[in-house]
Each structure stands twice: as C-alpha cells, then as structure tokens.
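Just below is one structure, and these are the notes that go with it.
The values are calculated or read from the model by the stated rules, or taken from the named source; none is laboratory data. Every value quoted in this text rests on a predicted model; they were computed, and no experiment measured them. Note that each Cβ is placed from the backbone with ideal geometry, even for glycine, and that neighbours are counted across all protein chains shown. Side chains included, ligands, DNA and RNA excluded: accessible areas come from the protein's heavy atoms. Shrake-Rupley method; radii C 1.70, N 1.55, O 1.52, S 1.80 Å.
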Amino acid sequence: MRRDQCSTGVLGRRVPAWLRGGLAILALPTLMSVAMAQDKPAERQALRVCQDPNNLPFSNLNGEGIENKIAELFGKALGLPVTYYSFPQRLAFIRNTLKFKLPDEDYPCDIVIGVPAGYDQVSVTKPYYRSTYALVFPKGMGMDQIASAEDFLKLDAAKLSRLRIGIYDRSPASDWLNKHQLVEQGVPYRIMNADPAQYPGEIIEKDLAAGKLDVAIVWGPIAGYFAQRVKTPALAVVPMKSEPGVKFDYQMAMGVRYGEREWKQQIEGLIESKRPEIQAILKEYGVPLVDASYEAPKP
C-alpha cells in the first residue's frame, strides 16, 4: 500500500553533544538558553493519527470508527485538524507508521489511538478502557439463558457437541476451547489475512448472521459493534471473564514514540479531561466495558 503523508509533523531535537562537555561558568546561561530552545518541540500543525484503513469498529478511511471519533474529540480540544496515515494493522504496523521515517523527512503520524496497556513497541499512556472477549450467539436458539461463560459450559453435553464455534486462530478463544475440551467444535479463522477487504467483524456480520456458525468468541469491541449492526437475527453478547491460563480482559491505552514525554503527558491529560466523552463513544459503539473483576483469580 502506498504511504500517504498527511501533514508536516514534529520531532523534539536532542541537546548537541558539545553542550554536555566542560564549559566555562560565564557561558552557562547562554548555553542553557540554546539547549532549552533546541529541546522545545515545534508547534504542531495537526493531530496526525496512525490508523488501519479497514478495521471497524476501530478505524477506517471514512472516519467511522471508535478511534476516529476519539481523534476528532482530541483534535477539537487541541484546536488542531485531524489527519491520518493509513497502513493495514496486520504485520509490523508500528514499524510502518509511528516509527516510519524516510531520510530528511518527518514521521508521518504521531499517535496510535488503541494499543494494549504494557505494549512495549510504543510509549504507552494510561489506559482509557478495559474490555474483554465475548460470546456472541443468536437469540431464540435455546441459549437465551446464558449470561456467562460458566452458563455456556453448563449446556447439555449433546448440545455443546453440535455447536459450531467461530474463533480466530492463536487467540485467547482457541486457548479456552482447548482448556474446556471443545476443540472439535471450533471453526478457526485466520487472524492474519492478506486480503485488504477482509475485516474482523465478518465472522459475526456474515457467517454467524447467516447461520454458518452457532457461536462466535471475539474481542469485545468487535462483538458489541457488529452485534448491533446485525438486525436479523438479534444477537446476544456475553462478556467472558479471564480464567487461570486464559486471559480475556485487556486494558487499552494509546501509544506515542519513546522520548516524546511532553506529548505523552498532553495526551494523558486529554484522556483524563475527556473521559466522560470517551466513555460515551465506547458505549455508542456497543463496547463491553468491564472492571478488574474480570481478571483471572490470583493463585
């Protein structure tokens, strides 16, 4: 995919090496002024966001995703236009967006709106929401009483054995099926797909809705958003708690480049001051929001 740079960005410049050597006392005030001027980043002209061009409910080229709405919220608060640099979030996304830089050119974007807390490829902000994987299934098919993963596992053994459970391979869902001896019921989907038109909600919007699957287990924001989009049949979304050996719940944060401390602090200030508006966006998109009780019990 061609990389389209959207606007001129900012890079904080390091203090030159000669300023770190021994200097005459009389020269210190002048040199400190020079150092401070060089450390101060240039004024931002836009909020430049790294995004996937086809990854609803998070982002797309039409600006219809959760992360697009949050970016617009932040851009308004900063008094800056919002621009995007798009690259498929399948492989080496950070290297090809936030860390991508050609000689004598600036970085194309300055922030990733959604990364897991603790993700070490970026400097991670404080979290702004926690969600979890969820069971999604059609209502009126004999599973309406299910309100938790435990309820699902208590279904009649004969019924469980007949279910077709859609999952993405190498996800926590596949670990969970293995743990509960349901591997034979699993219908795996490739987590990495080279087709640029493919999107993660297809498992719900196409196959579950069409009856090719009986149940899907997917990341909560995908579950909630696409369950809302499917009108027939009506779909239930049941958040799943993490278990020993299977982590379903994750806190989500934002990511900037390492070394951009002031920018990170500014974004964290926006996360805090705009928390009510962010929560409203997440709820509008049907994201299952959970608390720390969804973590796996400590041994």
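Okay, here's what the table says:
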| quantity | calculated |
| --- | --- |
| Subset of region 59-68 (residues that are of a type outside the set (Gly, Ala, Ser) and surrounded by fewer than 20 Cβ atoms within 10 Å (Cβ to Cβ)) | ASN60, LEU61, ASN62, GLU64 |
| Selection status of ARG164, out of contact with any Lys or Arg (no Cβ under 8 Å at 6 or more places or on another chain) and either of a type in the set (Lys, Arg) or modelled with pLDDT under 95 (or both) | no |
| Residue ID - most open to solvent (accessible area, probe 1.4 Å), chosen from residues in region 89-133 that are among the basic types (Lys, Arg) and touching a residue at least 60 places away in the same chain (Cβ under 8 Å) | LYS99 |
| Strands (runs of 3 or more DSSP E) within region 198-287 that include 2 or more residues open to solvent by 10 Å² or more (accessible area, probe 1.4 Å) | 235-239, 249-256 |
| Every pair of residues 6+ apart whose Cβ atoms lie under 6 Å, when the first sits in region 158-177 and is under 18 Å from MET240 (Cβ atoms) while the second is among the aromatic types (Phe, Trp, Tyr) and in a loop (DSSP other than H, G, I, E, B) | PRO172/PHE248 |
